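Novice: I have a structure I would like to understand better, so I am pasting it below and will then ask my questions one at a time.
The values are calculated or read from the model by the stated rules, or taken from the named source; none is laboratory data. As the structure is a prediction and not an experimental result, all values here were calculated from the model. Surface areas here come from the heavy atoms of the whole protein model, side chains and all, with no ligands, DNA or RNA. Shrake-Rupley method; radii C 1.70, N 1.55, O 1.52, S 1.80 Å.
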Amino acid sequence: MTATAFSYSRLNSFETCPRKFHAVSISKEAKEPESLAMSYGKDVHKYLELRVSKGMALPTHLGHLEGVAALLALAPGTKLTEHQMAVNASLEPTGWFAKDVYCRAIADLVIDNGEKAALFDYKTGKKSNDFLQLRLTASLYFQHAPRVEVIKCAFVWTKDKSVSTTEISREEIGEVWSELSPRIDRYQTAFQEQNFPPRPSWQCRGCPVKSCQYWEPKK
């Protein structure tokens, strides 16, 4: 069976609860309501993109991010905002909607300086030191930019305007895919067997999949 395309966020959603993932993202029998946090996150990404790429002023409620945005806008190099990348199962570059697409990633911002590049991901939620998502995105950028040998990856935490960084070289691409391999295998197996069991947790309260046996009303 043909492999099913994934992104890091889809893997996370699947692992949190396969039943909800299938209902919201595949069968579309349920719809995730947009929370205030989700709305804020969309605003941050939209307006930081416009500020860095077009020099547009940030709206008042995001004015506290001007210092960070200005530094990014003034940084030397070719800037790519909301940059979409996709590879096939052989990890070769392919189109976003190509028939052979295997993995997709979107970089909030890439600043390319030839052999070196920087990759930024704007984060509006709780801090984490898990750089695997950034390393995966960087791995895809390596495939699309053969001149680049080293990528500095950074989470920009918009709540306190701090930055967490790591670095990855082209030689480390294999390590990223090896680390992800068991998770990807479980994801692919679920599609092959059409098996998406519920995974009960506190998130069952107010879950949009009301047909699930573990659903609970939000308190």
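Novice: A 21 angstrom limit on the alpha carbon distance is what I want to check against. Which of Lys46/Lys161; Lys46/Lys79; Lys79/Lys116; Lys54/Lys79 exceed it?
Specialist: Violating the 21 Å limit, Cα to Cα: no pairs.
Novice: Below 29 Å, Cα to Cα, which lysines can Lys210 reach? Residues fewer than 8 away in the same chain don't count.
Specialist: Correct list for Lys210: Lys20, Lys28, Lys31, Lys42, Lys126, Lys218, Lys219.
Novice: Tell me whether the chain comes out rounded, prolate or oblate; compute the Cα gyration tensor, take square roots of the eigenvalues as a ≥ b ≥ c, and use a/c under 1.5 as the rounded threshold. Intermediate results must be reported in sequence, preceding the final value.
Specialist: Working: a/c = 2.16, a/b = 1.25, b/c = 1.72.
Cα axes put the chain in the oblate bin.
Novice: Using a probe radius of 1.4 Å on heavy atoms only, what accessible surface per residue do you get for the chain? Whole Å² is fine. Could you put the intermediate results ahead of the total?
Specialist: Working: 12220 Å² over 219 residues.
Accessible area per residue: 56 Å².
Novice: When the accessible area of segment 65-111 is computed with all protein chains present and a 1.4 Å probe, what percentage of it is carbon and sulfur?
Specialist: Working: 1400 of 2320 Å².
Solvent-exposed carbon and sulfur of segment 65-111 make up 60 percent of the total.
Novice: If you average the alpha carbon positions of segment 23-72 and of segment 91-108, how far apart do those two centres end up, in angstrom?
Specialist: Comparing the Cα centres of segment 23-72 and segment 91-108, I get a distance of 23 Å.
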